[in-house]
Amino acid sequence: MNIILLGPPGSGKGTMAALIEKKFSIPQISTGDMLRSNIREGTELGKKAKAFVNAGELVPDEVIIEAVKERISKPDCESGYILDGFPRTIAQAEALDKVAKIETVIDLILDDEKSIVRISGRRVCPNCSATYHVSIIGDEKLCSNCGAELIIRKDDEVSTICNRLKIYHEMTTPLEEYYRKKGLLISIDVDGSIEDNFAKIISALGVNA
Ligand code: AMP
């Protein structure tokens, strides 16, 4: 089963993808995580992507398409995968169509105001990538998983969030129509709790919770 998760920054793509990964035992492929770890490790891909990621701009299509093609050709993707953060442009979707058969596209719907509240309260662990929200952890500064000091992702800074949303609407929203025309799009309102949102996805996929 090959699934795409669409949705603006802050819509919970990563959280939902992790839950789907657990339920269906297929790997979550987050292009954002992939790029951030390459940036941390200083790889060629990381060097190409760094300035774009930090500014909340899209990494050039050819760079990200190559990285995703390589990732989905790995043996752990043989029985399927969940793409979280890819494709983000029509060119990426067309390139993906040439190498993969996508069964379902789950489109997470959240308005901009709620996206901004969610992103600006996000804190991440630079060591193990665990993600937290200030509405839950208050002013706790340390990762409960590994003890490292939590940080605000560079591209989660308030100045960058609006740019990311603008780019999302310009470049990624057209994918809704692209996949709707193919009969693959399932739209899910995600302004509820994580549990409720996941239950809606499971029900839309037509499987038992
Ligand atoms: P995310 O964690 O999915 O919000 O991604 C973080 C950043 O990584 C984005 O703001 C982009 O700079 C870059 N990125 C992730 N996925 C893509 C993609 N499919 N195309 C271009 N840039 C991407």
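Within the bounds of segment 140-161, is there any residue that is in a strand (DSSP E or B), out of contact with any Pro (no Cβ under 9 Å at 6 or more places or on another chain) and free of Cβ contacts under 8 Å to residues at least 40 places away in the same chain?
Restricting attention to segment 140-161, the residues satisfying the condition of being in a strand (DSSP E or B) are 142, 149, 151.
Narrowing further to those that are out of contact with any Pro (no Cβ under 9 Å at 6 or more places or on another chain): 142.
Pick out the ones that are also free of Cβ contacts under 8 Å to residues at least 40 places away in the same chain and you get 142.
Yes, segment 140-161 contains at least one residue that is in a strand (DSSP E or B), out of contact with any Pro (no Cβ under 9 Å at 6 or more places or on another chain) and free of Cβ contacts under 8 Å to residues at least 40 places away in the same chain.
Can you pull out the residues in segment 64-76 that are out of contact with any Cys (no Cβ under 8 Å at 6 or more places or on another chain) and more than 8 Å from the ligand (Cβ to nearest atom)?
65, 66, 67, 69, 70, 72, 73, 74, 75, 76
Across segment 1-52, the qualifying residues are those that are touching an Asp or Glu at 6+ places or on another chain (Cβ under 6 Å) and away from the ligand (no atom under 15 Å from the Cβ), and the one among them that is modelled with the lowest pLDDT is 1. Quick check, is residue 79 touching a residue at least 24 places away in the same chain (Cβ under 8 Å) and away from the ligand (no atom under 12 Å from the Cβ)? Spelling it out, residue 79 is indeed touching a residue at least 24 places away in the same chain (Cβ under 8 Å) and away from the ligand (no atom under 12 Å from the Cβ). The residues of segment 123-132 that are in contact with a strand residue (DSSP E or B) (Cβ under 7 Å, 6 or more places away or on another chain) and either crowded, with 17+ Cβ neighbours inside 10 Å or closer than 10 Å to residue 161 by Cα (or both), listed by number, are 123, 124, 132. Of all the listed residues (34, 1), the sole one being in contact with a helix residue (DSSP H, G or I) (Cβ under 7 Å, 6 or more places away or on another chain), closer than 22 Å to residue 131 by Cβ and not aromatic (Phe, Trp, Tyr) is 34. Looking across 138, 121, one residue alone is in contact with a His (Cβ under 7 Å, 6 or more places away or on another chain) and more than 19 Å from residue 178 (Cα to Cα). It is 121.
The values are calculated or read from the model by the stated rules, or taken from the named source; none is laboratory data. Given the structure is predicted, the values throughout are model-derived calculations rather than measurements. Using ideal geometry, Cβ is built from the backbone for each residue, glycine included, and neighbour counts are taken over all protein chains shown.
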